[in-house]
Every structure is written in C-alpha cells, then in structure tokens.
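Have a look at the structure below before the remarks.
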Amino acid sequence: MSKKFDLSALLAERGGEGYELHARHLNPQLPRMLRTIGFDKVYESAEGAYFRDADGNDYLDMLAGFGVMGLGRHHPVVRKALHDVLDAELADLTRFDCPPLPGLLAEKLLAYSPHLDRVFFSNSGTEAVETALKFARYATGRPRVLYCSHAFHGLTTGSLSVNGESCFRDGFDPLLPDTAIGLGDLAALERELGRGDVAALIVEPIQGKGVHESPPGFLRAAQELLHKHKALLIADEVQTGLGRTGAFYAHQHEDGVEPDLVCVAKALSGGYVPVGATLGKDWIFKKVYSAMDRVLVHSASFGANAQAMAAGLAVLSALEDEEVVANARTTGELLKTRLTGLVDRYEMLREVRGRGLMIGIEFGRPSSLGLRSRWAMLQAARKGLFAQMVVVPLLQRHRILTQVSGDRLEVIKLIPPLIIGEREVDRFVAAFTAVMDEAHSGGGLIWDFGRTLVKQAVGNR
C-alpha cells in the first residue's frame, strides 16, 4: 500500500489554489465568471443546508447543487451506508453476476411507481434521459421524440436534441430529428402525432428553466393522445423527483398520469455518488432486451455500482423515516406564501410560482419612471441582469446562495435541500426583503453593481 499519498496533506498544502487551477487546467470561463459577479468564495466545509468559510461564517444553501443535495450535505444515514459498503469489500462491477443491491434499489424505487416494472441504472440525469430516448425509439420502432419549448433534459447529444434552450444547442448541430411543442399545447401535440413517426413526448412536469408548471390536465390529456397514437410519455423527474415538489414525483400531482418511462437522478445520489435511473414498463424492457444476444445492447460500465446503489437505498430510507417529502410540501408552501405576500409591495416583483421546494421568483418592468429607466438600461445591455443583481447581494451581504433560473431570464429559482424549515424561510425572506428594499430605493450598491454588469455584458458582445 502506498504511503506517499496523503489527501489531507495535499489539501492543506494546495487547497487554496482552486481558482488558479481551474483557470489553468479546466473551464477558464468559470473562475472568470465567478470573480465578475463576486461569487469567488472559498467554502471549507458543509453540513445540511449550510456551507462555512475559513472564518466560520455560515452560508444558507438555496441551490442544493442544482437539486442534487435533496437531503442536504453529509447526511449521516447516507454517510454510514457508504462507509458500510466500502468496508464490506464487495466483489463489485464484475459485470457477469447479479448482485443484490441493484435489485433492492430497483424494488424500492418501483414501489413509488406501481404502474412501472423495471429499472435501468446509469450514472447521471442525462444518461437516464438517453436511456429513455433509446428505449422509446426501439420499443415503438419510430424515430422522432417531441419535447417542450424551454425544456432542459441534459447536454449529451441525445438529450441535447430534446433541449428547448437554443443557448445550449447552438453550434452543436446537427442533432437528432426531434420537434418542440409548447408546454401545454395539445393541438400541436396532436398535429405532430398525426404524422405517424413519433416515438414519445418527453416532458418535465415542472420545467427547471423558469419554473413553469405544466397546465392542469395537460399531462393526462397528452398521455391519452400519445397512447391513442401508440406513442409513449416520458416524464423527466431528474430535478422534480424524490420529493422536490411535495410529492414523490411531480407528475403525481395530477390524477391518472402514469408515464411509460420515468427518469430520475440528482437527489437519488445523496450528493455523494453519481447515479441515474430510468424506470419503465415491462413490455418496453422486454422489447429492448429481447434475446440473450441483446443482453448488453444498452449498458453502462459504472452503472449500478455498489456505492451508488447503497447511497440510493439510504436516501429512500431517510426520505421515509424523516418524512422529508411532507416537509418539502409544508415548508415550500410557507416559503411561497411569504414571498407571494411581497408581490404587491414591490413593483419589480412580478410573480412567485412553483410547488413544494421548487420556487420561481420572476421580476418584471416597473411602473414608476425612475425605476423604469434603470430597468430599460439593464434590458438594453442584456436580459436577466436584474435577477443577477438580486442574486449577488443575497450571497455577498446575506450569505445566501441562489441562482438565476436560466440564460436571459429575470427569474430566480429556489431549490434548497428538502430538510430546511421555518428558520431558513425566515432568513431568506428577511434577506430578500432587504435586497428588494434597496433595489426599489433607486440607489445604493445594488445599482452600482448593475452598472458593472452592464459594462461586462456590453463588453462581451
């Protein structure tokens, strides 16, 4: 055993070089962007819904690693499960055996979707989507998958083909021959289905970009149309699944919706080990894996590894034992209600929407002349700058991490760990109110930063 490698010593010696190492060896725009907006913090530790810096200051996490940290960071149940599985020294990834952990996790997951029968485990949300696309095409014998405008399903070539945001697609053409429809546009769905070449519709029950919920009744009606035309419904629950919206799956908010394929990932990992899962109906899997010589026709080298399976089992156990889904529902309703109560108070606050602990805060053009001119300055430079102006002081002054919900969107998305409670709601609402007060005063540091963003946006043209 090597005595030379000491991770603790390495971090102690070079842990402060993170930004320089990224600039030199990884994506050079990441450290540049973080420094520009004042997000170039160095976090030394994390627990639950909080980070801490070297001075011991705590930061409230309202981002949860883009939804990965459903249980918060370093949940003791998940940590113990991972220690246990490593200590067990299992014969993992032999590839020619049937270990129990994948079967146990599949059994547990399927209990939340009684109309589904089988699971394929991969390593990420985008891989779960790729699996669903392949399975839908093969099972139906048709090439085309429909998706919704402004959807986000991943960034690999297949998932990018059903990505409704042009900023991610530009320059990566040609992609697969798929077609966008508006979220909720049943007429467009029926028109495309009439062409006879549609394998499936993939849809997020609540879109992550902008936090737009599918209209009431849309999923059920779409399902009926799809099945009438022998096509499939794919529910992308990568971000919305495992309790995020106050139900185990977001599509369960609408009665009678039973997708043919469901994609999950993110929170299933416990924040430790990448994992994705595609749940589907028995006949779909049996068509894909129709004979012994097709046993590896779709597989993943690290799929269903013991660490990922142990993490997934621990996450599902904690969700049940700690009533996390119910907490997401009640705490989310409290947060949404408190924020909605501010809409009439601030003219640049347009709408608060979402379900559970997936909440979008949208800003819009103010009515008063002084603020309107400032708003116009920002919009002329680049849409989305006002939302960024809100996100930055939330972090710099109030130590709360949030995100703008998409490119050129005046929307902040809140997707905190599902374990937060009234204390965190109070902290966020107080900080958000303070930032809104300053923004509507027409002066102060927030508008100074706005001018900085305008210069940066104009300079990048």
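The values are calculated or read from the model by the stated rules, or taken from the named source; none is laboratory data. What you are looking at is a predicted structure, and each value in this text was computed from that prediction instead of being measured. No Cβ is skipped: glycine too gets one built from the backbone with ideal geometry, and neighbour counts run over all protein chains shown.
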Review point. Would a scan of the stretch 56-64 turn up a residue that is surrounded by fewer than 20 Cβ atoms within 10 Å (Cβ to Cβ), within 25 Å of the chain's Cα centre (by Cα), farther than 30 Å from LEU279 by Cβ and not assigned by TED's automatic domain parsing to the domain that holds ASP117?
Key: yes
Review point. Does any residue of the stretch 33-42 turn out to be touching a strand residue (DSSP E or B) at 6+ places or on another chain (Cβ under 8 Å) and either at pLDDT below 95 or exposed (fewer than 11 other Cβ atoms within 10 Å of the Cβ) (or both)?
Key: yes
Revision key, fill the gap. Matching residues in the stretch 346-392 (in a loop (DSSP other than H, G, I, E, B), farther than 21 Å from ARG451 by Cα and without any contact (Cβ under 8 Å) to a residue 40 or more places away in the chain) number 0
Revision key, fill the gap. Inside the stretch 393-432, the number of residues satisfying the requirement of being part of a helix (DSSP H, G or I) and either in contact with a Phe, Trp or Tyr (Cβ under 9 Å, 6 or more places away or on another chain) or more than 20 Å from TYR346 (Cα to Cα) (or both) is 7
Revision key, fill the gap. For the stretch 181-234 the number of residues that are of a type in the set (D, E, K, R) and not in a helix (DSSP H, G or I) is 7
Check your understanding: Within the bounds of the stretch 246-261, is there any residue that is assigned to a loop (DSSP other than H, G, I, E, B), under 22 Å from HIS150 (Cα atoms) and within 15 Å of the chain's Cα centre (by Cα)?
Key -> yes
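Listed here are the residues, each with its yes/no results for (1) of a type in the set (Phe, Trp, Tyr); (2) within 25 Å of LEU189 (Cα to Cα); (3) within 23 Å of the chain's Cα centre (by Cα).
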residue	(1), (2), (3)
LEU105	no, no, yes
ARG118	no, no, no
SER124	no, no, yes
SER161	no, yes, yes
GLY164	no, yes, yes
ARG169	no, yes, yes
Practice item. Could you check, for the stretch 196-217, whether at least one of its residues is over 19 Å from the mean Cα position of the chain (by Cα), within 20 Å of SER159 (Cα to Cα), surrounded by fewer than 17 Cβ atoms within 10 Å (Cβ to Cβ) and among the charged types (D, E, K, R)? Key: yes
Check your understanding: Quick check: is even one residue across the stretch 273-284 modelled with pLDDT of 95 or more, touching a helix residue (DSSP H, G or I) at 6+ places or on another chain (Cβ under 6 Å) and surrounded by fewer than 20 Cβ atoms within 10 Å (Cβ to Cβ)?
Key -> no
Check your understanding: Which of (1) at pLDDT 95 or above; (2) in a loop (DSSP other than H, G, I, E, B); (3) out of contact with any Leu (no Cβ under 6 Å at 6 or more places or on another chain); (4) not aliphatic (A, V, I, L, M) is the odd one out, the single condition ASP84 does not satisfy?
Key -> (2)
Point to revise | Yes/no for GLY154 being in contact with a Cys (Cβ under 7 Å, 6 or more places away or on another chain), over 17 Å from SER299 (Cβ atoms) and crowded, with 18+ Cβ neighbours inside 10 Å | key: no
Practice item. Could you list, in sequence order, all residues of the stretch 132-146 that are buried (at least 24 other Cβ atoms within 10 Å of the Cβ) and more than 18 Å from the chain's Cα centre (by Cα)? Key: LEU133, PHE135, ALA136, VAL145
Review point. In the set LEU186, LEU193, LEU201, which member is within 30 Å of GLY65 (Cα to Cα) and assigned by TED's automatic domain parsing to the domain that holds ALA265?
Key: LEU201
Practice item. Being part of a loop (DSSP other than H, G, I, E, B) and closer than 29 Å to GLY217 by Cβ is the filter here, so list the residues in the stretch 156-175 that pass it. Key: SER161, VAL162, ASN163, GLY164, GLU165
Review point. Here is a list of conditions, (1) farther than 23 Å from PHE218 by Cβ; (2) assigned to a loop (DSSP other than H, G, I, E, B); (3) at pLDDT 95 or above, and PHE121 meets all of them except one; can you say which number that is?
Key: (2)
Practice item. Inspect all residues belonging to the stretch 63-75 and state whether any of them is touching an Asp or Glu at 6+ places or on another chain (Cβ under 7 Å) and closer than 29 Å to ARG451 by Cβ. Key: no
**Study point:** Residue within the stretch 426-445 that is among the hydroxyl-bearing types (Ser, Thr, Tyr) and free of Cβ contacts under 8 Å to residues at least 12 places away in the same chain present
**Key:** yes
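This table checks each residue for (1) modelled with pLDDT of 95 or more; (2) on the phi < 0 side of the Ramachandran plot; (3) surrounded by fewer than 24 Cβ atoms within 10 Å (Cβ to Cβ); (4) not in a loop (DSSP other than H, G, I, E, B).
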{"residue": "THR240", "(1), (2), (3), (4)": "yes, yes, no, no"}
{"residue": "CYS263", "(1), (2), (3), (4)": "yes, yes, no, yes"}
{"residue": "LEU268", "(1), (2), (3), (4)": "yes, yes, no, yes"}
{"residue": "LYS286", "(1), (2), (3), (4)": "yes, yes, yes, yes"}
{"residue": "ALA308", "(1), (2), (3), (4)": "yes, yes, no, yes"}
{"residue": "ALA318", "(1), (2), (3), (4)": "yes, yes, yes, yes"}
